[in-house]
Amino acid sequence: MTDAAKSTFVYVTYIRTTPDKLWQALISPAFTEQYWFGMHQESDWTVGSPWRLVFADGRIADTGEVIEADPPRRLALKWRNEFRPEVKSEGYSLCVMALEPVDGAVKLTITHSVDQAPSKLIDAVSGGWPRILSNLKSLLETGEVAMKT
């Protein structure tokens, strides 16, 4: 039996902060809006809880479920795009955020994967995650985002 085709995007960055501050930045709706181009996440961040990413105008961007929550070390989300039909049709993906303290900073590793190859979702997140995480890093380290749009 062969494994199903799979696509994965991995992004690693080091942020001069603490694991607790980074964890809060990842889950706080008000903080998320600052670095995620006006979008925010909604969840109670417990395993099995629904999760969604919401545009500034209230439209739903993505939905899913909290698969794992181990603050401030690891967060895993079952994730499906809701606003682009060609991406939504790929079904659910898995997004894992791993936080590891390293020499006064935190190594943040985002691993986003889907059982589809090639994948329109992975094409989209490979452009999105670097912009979002650059903003997050800048905001935590300097108080300002790198990009507004």
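The values are calculated or read from the model by the stated rules, or taken from the named source; none is laboratory data. A quick note: this is a predicted structure, and the numbers were derived from the prediction, not measured. Cβ: placed from backbone, ideal geometry, glycine included. Neighbour counts: every protein chain shown.
Selection within the range 1-29: residues that are part of a loop (DSSP other than H, G, I, E, B) and touching a residue at least 24 places away in the same chain (Cβ under 8 Å). The member of this set that is surrounded by the most Cβ atoms within 10 Å (Cβ to Cβ) is T17. Just one of (1) within 18 Å of A98 (Cβ to Cβ); (2) surrounded by fewer than 13 Cβ atoms within 10 Å (Cβ to Cβ) fails for D57. It is (1). Answer with yes or no whether T32 is farther than 19 Å from A76 by Cβ, surrounded by 14 or more Cβ atoms within 10 Å (Cβ to Cβ) and of a type outside the set (D, E). In short, no.
Among the residues of the range 38-53, those identified as surrounded by fewer than 17 Cβ atoms within 10 Å (Cβ to Cβ) and hydrophobic (A, V, I, L, M, F, W, C) are W45, V47.
This table checks each residue for (1) under 16 Å from the mean Cα position of the chain (by Cα); (2) not aliphatic (A, V, I, L, M).
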position	(1), (2)
W79	yes, yes
P85	no, yes
L94	yes, no
L99	yes, no
D103	no, yes
L136	yes, no
V145	no, no
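Within the range 78-89, the set of residues being of a type outside the set (K, R) and surrounded by 15 or more Cβ atoms within 10 Å (Cβ to Cβ) comprises W79, N81, E82, V87. Scan the range 56-83 for residues that are within 19 Å of H40 (Cβ to Cβ) and in a loop (DSSP other than H, G, I, E, B) and the total you get is 7. Scanning the range 67-77 for residues that are within 12 Å of the chain's Cα centre (by Cα) and within 20 Å of L121 (Cβ to Cβ), we see that the one that is surrounded by the most Cβ atoms within 10 Å (Cβ to Cβ) is L77. Filtered by the rule that a residue be in contact (Cβ under 8 Å) with a residue 12 or more places away in the chain, part of a loop (DSSP other than H, G, I, E, B) and out of contact with any Ser or Thr (no Cβ under 7 Å at 6 or more places or on another chain), the range 97-145 gives G104, D115. Only one entry of T63, T13 meets the criterion of being under 21 Å from L99 (Cα atoms), of a type in the set (S, T, Y) and modelled with pLDDT of 95 or more, and that entry is T13. Just the residues that are charged (D, E, K, R) and surrounded by fewer than 19 Cβ atoms within 10 Å (Cβ to Cβ), please, taken from the range 95-146. Once the filter is applied, which keeps residues that are charged (D, E, K, R) and surrounded by fewer than 19 Cβ atoms within 10 Å (Cβ to Cβ), the range 95-146 yields E100, D103, K107, D115, K120, D123, R131, E141, E144. Against the criterion of being surrounded by 13 or more Cβ atoms within 10 Å (Cβ to Cβ), of a type in the set (S, T, Y) and either under 12 Å from the mean Cα position of the chain (by Cα) or at pLDDT below 95 (or both), T149 does not qualify.
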